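Below is one structure, written out as structure tokens, with a few remarks after it.
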């Protein structure tokens, strides 16, 4: 499976390297591929192309550009993304990261799905920071990546990618629940920076009776 990642920023780059290390072919999409290629010159499983080329080649596409540019970009290359599994890891943050600019009865992931109506969108990877992503264990436990989406087949693929990165994937239901996953990311930022917790923590779902919970999973 070939994974395209739109964006070569800190989070996109970190996820891409983790997936390449797990054996996936990764194609980064960049607005300036010539400049970016040097960063990955020694990594045999990674290529860098322009956004449209990367999206065309990927079996799965991960959106990792800042939210302010996301909708314009995906609308521009919609034809290359049509019918594919799309992983939205964006958080719709204000420029000063003090609040979300999308929320309440909507989410970034739902807006992505509306713009790419022929694709299967899954929200994932938006609650773990790039600084922590390469070390999935927190206090001896494997950290969780919470994800949600409307297509079971797409969620199965995304769960495989999550596990390939070393994390436990937790299915959080329908894509509308991205509203709350994005809100959790905002809470993480508030605790990390405004409440001075620092960045070395993660949220976790804990079940009183795991076996009973497993019986209700799809």
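Readers should treat all values here as calculations from the given coordinates under stated rules, not as data from a laboratory. As the structure is a computational prediction, the values presented were derived from the model and not from experiment. Glycine gets a Cβ as well: all are built from the backbone with ideal geometry, and neighbour counts include every protein chain shown.
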Least to most buried among 186, 1, by other C-beta atoms within 10 Å and fewest first, runs 1, 186
Treating the angle as unsigned and between 0 and 90°, give the value, to the nearest 10°, between the Cα long axis of helix 178-189 and the longest Cα principal axis of the chain. 80
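Quote to one decimal, in nm, the extra length available between residue 32 and residue 1 on full extension: 0.36 nm per residue of separation minus the C-alpha distance between them.
That pair, residue 32 and residue 1, stretches by 8.7 nm at full extension.
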Is the shape of the stretch 101-192 rounded, prolate or oblate, going by the alpha carbon gyration tensor and its root eigenvalues a ≥ b ≥ c, with a/c under 1.5 for rounded and a/b larger than b/c for prolate? oblate
Answer rounded, prolate or oblate for the chain, using the Cα gyration tensor with square roots of eigenvalues a ≥ b ≥ c: rounded when a/c is under 1.5, else prolate when a/b is larger than b/c, else oblate. rounded
Extending each Cα 7 Å along its Cβ direction at residue 10 and residue 105, get the distance between those two points in nm, one decimal. 3.5
Once you sort the root eigenvalues of the Cα gyration tensor of the stretch 1-89 as a ≥ b ≥ c, which label holds: rounded (a/c under 1.5), prolate (a/b larger than b/c) or oblate (the other case)? prolate
For the pair residue 44 and residue 201, the simple spin-label estimate (label points 7 Å beyond Cα toward Cβ) gives in nm 4.3
Between helix 67-76 and the chain: long-axis angle, C-alpha atoms, 0 to 90°, nearest 10: 50
Would you mind getting me the FRET efficiency between residue 139 and residue 94? Use the beta-carbon distance for r and R0 = 41 Å, nearest 0.05. 0.85
Order by neighbour count: 193, 125, fewest other Cβ atoms within 10 Å first, most last. 193, 125
Report the relative contact order of the chain, percent, no decimals, based on alpha-carbon pairs under 8 angstrom and at least 6 residues apart. 17
Nitroxide proxy distance, nm - points 7 Å out along Cα→Cβ at residue 190 and residue 130: 2.5
Separation of the stretch 31-50 and the stretch 62-110 by C-alpha centroid, Å? 23
Rounded to 10°, Cα long-axis angle of helix 10-21 versus longest principal axis of the chain: 90
